[in-house]
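A.B. asks: Below is the structure I would like to discuss, written out as structure tokens.
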Amino acid sequence: MTVMALGVAAIAVTLGHAPLPVVIGLAVVAGIGYPALTGAWSAQIPRLVPTDRISQAYSADVATYSVAAVVAPPLATALVVLSPTAPLWMPFGLLVISLALLRTVPLTARAETGSPTTLRRDLRAGAATLVRRPGLRRTTIITTVGFAGQAAIFVAAPILAQSIGGSLGFTGIILGVFAVGGVITAAWLARRPVARPDRAVIAGTAVSMLALAAVGLAPTAPLLLAAAFVMGAAEPPLVSAMFQIRVRESEPRVQAQVFSTAASLRMTAFALATAASGWLLHWGIGAVISFGVLLHLVSLIVGIAVGPRVPPREQWARRT
């Protein structure tokens, strides 16, 4: 988190004054802290809540991401009025506040058992857990490759906004409706947490795939917004289920490594898919949407093929 805060501040200071490669390098450094922020801290939830409340806790955790997705973009846009770099100071300020609030989190060190461990050994154990645990392997493949497929809607939104909405400003409405769908589902999950996480990951990815296809095929603005809403609504159950499976399938000692490694894979896949989607725009919006749908489909086929059979009735069983 400190690395991200310092990196964002450095970008704000150097943007427009330093060569572009320097700014890009700073962005890469700042991004190094992102998996720890989004992954490692979510991995601490089992240390803060009782086992029977983990599902609800992760639903609330996912809700914070959805709310941020709605609130942050318009707030950042409004800050542009102050200065071109003002939106960058917003995440810096929020990160500093978060660092101060971390002192209030009642985390305690785990008692060491067995032979001494090292950071390198823990990282290797975390990566090995992603591969060796069948249920976690399936979920990692689906949520990594499928998440990459979501890049298509963000690349396609400006083009669809102009062709269907008649204005580039309609892009914000498309993505805003996408985010609102996530907020509404996240609020619902806070009262009714995901009970069958393995099925939720598969179903959520399938719904996202179909909704993305509908986004590309929508002939009118209302249908386009409805598809975007459904696609956004599919995300919170999927992410909440993903978190639950990571905890269930990994030992407490390597959960932070499992979360961080998986988050890194997801963000890397999303970045690569975004670049590929931008390149595919040369062949039209249909190519971009088709690419995103294909990634969703591949994630499901491969993930289900390499994973275990989903039991008729899943039960939460935290590994110890």
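The values are calculated or read from the model by the stated rules, or taken from the named source; none is laboratory data. Since this is a predicted model, take the numbers as computed values, not measurements. Neighbour counts are summed over all protein chains in view; Cβ atoms, including those assigned to glycine, are modelled from backbone coordinates with ideal geometry. Surface accessibility is based on the protein's heavy atoms, side chains included, excluding ligands, DNA and RNA. Shrake-Rupley method; radii C 1.70, N 1.55, O 1.52, S 1.80 Å.
A.B. asks: Let me have the 222 nm mean residue ellipticity of the chain computed from DSSP H runs of 4+ only, each contributing -39500 (n - 2.57), with the sum over all residues rounded to the nearest 500.
C.D. replies: Result for the chain: -24500 deg cm²/dmol, rounded to the nearest 500.
A.B. asks: Report, in debye and to the nearest 20, how large the dipole of the chain comes out about its Cα centre when Lys and Arg carry +1 and Asp and Glu carry -1 on their Cβ. It would help to have the intermediate numbers written out before the result.
C.D. replies: Values: 23 positive and 9 negative charges, 223 e Å.
My answer is approximately 1080 debye.
A.B. asks: Dipole of the chain (Lys/Arg Cβ +1, Asp/Glu Cβ -1, origin at the Cα centre): which of VAL194, ALA218, TYR34 lies farthest to the positive side?
C.D. replies: Going by the Cα projections, it comes out as VAL194.
A.B. asks: Given a 1.4 angstrom probe, what's the average accessible area per residue across the chain, in square angstrom?
C.D. replies: Roughly 50 Å² per residue, with all protein chains present.
A.B. asks: Continuing with the same structure: With +1 assigned to the C-beta of every Lys and Arg and -1 to the C-beta of every Asp and Glu, and no other charges, what is the dipole magnitude of region 198-320 about the Cα centre in debye, to the nearest 20? Don't jump to the answer; show the numbers that get you there.
C.D. replies: Details: 9 positive and 5 negative charges, 78 e Å.
Roughly 380 debye for region 198-320.
A.B. asks: Let me ask something else about it. Given DSSP loops and a limit of at most 15 other Cβ atoms within 10 Å, what is the longest stretch of the chain that contains no such trypsin sites (Lys or Arg not before Pro)? Walk me through the numbers on the way to the answer.
C.D. replies: Details: sites that count: ARG110, ARG309, ARG313, ARG318, ARG319.
My reading of the result: 111-308 is the longest stretch.
A.B. asks: Shifting gears a bit: Quick one: what do you get for region 175-320 if you divide its Cα Rg by 2.2 N^0.38 Å? Numbers along the way, then the final one.
C.D. replies: Values: Rg = 16.6 Å, N = 146, 2.2 N^0.38 = 14.6 Å.
Its radius of gyration relative to the 2.2 N^0.38 Å reference: 1.13.
A.B. asks: Between ALA195 and ALA127, what is the spin-label point distance in nm, taking each point 7 Å from the Cα along the Cα→C-beta axis?
C.D. replies: Modelled inter-label distance: 4.0 nm.
A.B. asks: Suppose the chain between LEU48 and ILE301 were pulled fully straight at 0.36 nm per residue; how much longer would it get relative to their current alpha carbon spacing? Mind showing how you got there, number by number?
C.D. replies: Values: separation 253, 0.36 × 253 = 91.08 nm, distance 3.56 nm.
Extra length available between LEU48 and ILE301 comes to 87.5 nm.
A.B. asks: Now a separate question. Tell me the label-point distance for the pair SER163, ALA86, using the 7 Å Cα-to-Cβ offset, in nm and rounded to one decimal.
C.D. replies: Computed distance between label sites SER163 and ALA86 equals 3.5 nm.
A.B. asks: Can you give me the P(r) profile for the chain? Cα pairs, bins 10 angstrom wide beginning at 0, each as a whole percent.
C.D. replies: Reading the bins upward from 0: 6, 23, 34, 26, 9, 1, 0.
A.B. asks: So if each residue of separation counts as 0.36 nm, and I subtract the Cα-Cα distance between ALA68 and VAL22, what length gain in nm does that give?
C.D. replies: On the way: separation 46, 0.36 × 46 = 16.56 nm, distance 2.85 nm.
That pair, ALA68 and VAL22, stretches by 13.7 nm at full extension.
A.B. asks: If the only charges are +1 at each Lys and Arg Cβ and -1 at each Asp and Glu Cβ, what is the size of the charge dipole of region 190-250 around the Cα centre, to the nearest 20 debye? Working shown, then result.
C.D. replies: Numbers: 6 positive and 3 negative charges, 53 e Å.
Charge dipole of region 190-250: 260 debye, to the nearest 20.
A.B. asks: Related question: Residue separation times 0.36 nm, minus the C-alpha to C-alpha distance between LEU6 and LEU79: what's the value?
C.D. replies: Details: separation 73, 0.36 × 73 = 26.28 nm, distance 1.98 nm.
Additional length available on full extension: 24.3 nm.
A.B. asks: Let me ask something else about it. Mind checking which of ALA227, ALA100, ALA60 has the largest fluctuation in a GNM of the chain, springs on alpha carbons under 10 Å?
C.D. replies: Fluctuation is largest for ALA100.
A.B. asks: Just the number, please: carbon plus sulfur as a percent of the accessible area of the chain, 1.4 Å probe, no ligands or DNA/RNA counted. Show your work: numbers first, answer last.
C.D. replies: Working: 11370 of 16100 Å².
That fraction is 71 percent.
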